[in-house]
1. Explain nothing, just the number: relative contact order of the range 235-277, from Cα pairs under 8 Å at least 6 residues apart, as a whole percent.
2. Based on the mean of other Cβ atoms within 10 Å per residue, sort peptides 160-169, 296-305 so the most packed one is first.
3. If I stretch the segment between residue 190 and residue 113 completely, what's the gain in nm (0.36 nm per residue apart, minus their alpha carbon distance), one decimal?
4. When the chain is fully extended, how far beyond the present Cα-Cα distance does residue 92 get from residue 259, taking 0.36 nm per residue of separation?
5. How charged is the neighbourhood of residue 34? Take every other residue with its Cβ under 13 Å from the Cβ of residue 34, and add Lys/Arg as +1 and Asp/Glu as -1.
6. Say the dipole of the chain comes from +1 at the beta carbon of Lys and Arg and -1 at that of Asp and Glu; which of 135, 85, 249 then lies farthest toward its positive end?
7. Subtract the Cα-Cα distance of residue 304 and residue 54 from 0.36 nm times their separation in residues, and report this length gain in nm to one decimal.
8. With the crude spin-label approximation of a point 7 Å out along Cα→Cβ, what separation in nm comes out for residue 133 versus residue 149?
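Readers should treat all values here as calculations from the given coordinates under stated rules, not as data from a laboratory. The shown structure was predicted, so the numbers you read here are calculated from the model rather than taken from an experiment. Here the Cβ positions follow ideal geometry from the backbone for every residue, glycine too, while neighbour counts run over all protein chains shown.
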Amino acid sequence: MPLENGFTSAKINWAKITNTGYGLILQSQNIKNKQFQWSTVFTLSKNSNVVNREEVDRNSIRPSLEGYPINALFVIKTDGLDANGLPIFVDKEGNKISDPVTYFKLFKGYGGAVGSSLSAKEMQNLFTYVGNKSPKFTGGFNNTFRYKNLSLNVNTYFTIQQMVQRRPPYNFVSIDRGRNYSREIFQVWTPENTNTHLPRIVGATTDSSPDYALFYGWLRRGNHLNLMSNMDIWTKKISYLRISNIGLGYSFPEQVTKKIGMTSLRLNIEGRNLLVFSTDYTGYFDPETYGFDYTQPIAKSVSIGLNASF
């Protein structure tokens, strides 16, 4: 676009995406007699997509999604911490670089500002694709039991193999004394606590070396990569099963309702989101809101209802 317009790009519906998927529903009547019935519904679905075409802004530092899923997750790879508690970075060839000044090509500019001489394309190449934030499979498993006037419904929902990325629980270079932090901050690297994967919190006087001052200055003011949030230590693959609903109901016999002047009377007790079984989501209330620090998890609830007809 002509620069005299005042901007160099515009968002338009230009991308091309291919979606494929399938769904499976199985219903069964497991037991059925005069007194007891048990039925099951099982659902399974899979959706896949790939971005066939995407126009990326020439100054974008994030990789193009072309050839990847629309919810592709790209991260900056690391391999633990060095002796000073700073991340060891891993490039596309598998080389380990513990010097951030060299890896990000940092320099001191006018007025003490710190920048990076990496081009937008070179910054894109720092990212590695690690998986899809959309689950590989989703489904449900629902059971209904009936015994005489008593009924029980158990409904579950599951997600299989989903990449998630959480927000860091602290900032690399600053601490807000007025903010509440999770207890995870006690696991951050210190000279006394080196057996951890969480990088140290650094300040202007943590180290007197020129390279350290460059790295600190870049993290404070010139870090367009949003390095802390995009490191791979905040990503993981999870699966979970949620017991989304359990309902128990009892219909009073006709001889009872007639005595109290009713045609029908039913008591219901329902519990929602009572249990979640999940892999590797320590520190979160709910895997469905993993990575969204300001999103409220689905609340547990228990309700009691009475339905009466006269």
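1. Value for the range 235-277: 54 percent.
2. Sorting 160-169, 296-305 by mean packing, highest first, produces 160-169, 296-305.
3. 24.9 nm
4. 52.2 nm
5. Neighbour charge sum, excluding residue 34 itself: +3.
6. After comparing all options, I get 249.
7. Going from the current span to full extension adds 84.8 nm.
8. Going by the 7 Å Cα→Cβ label model, 5.2 nm.
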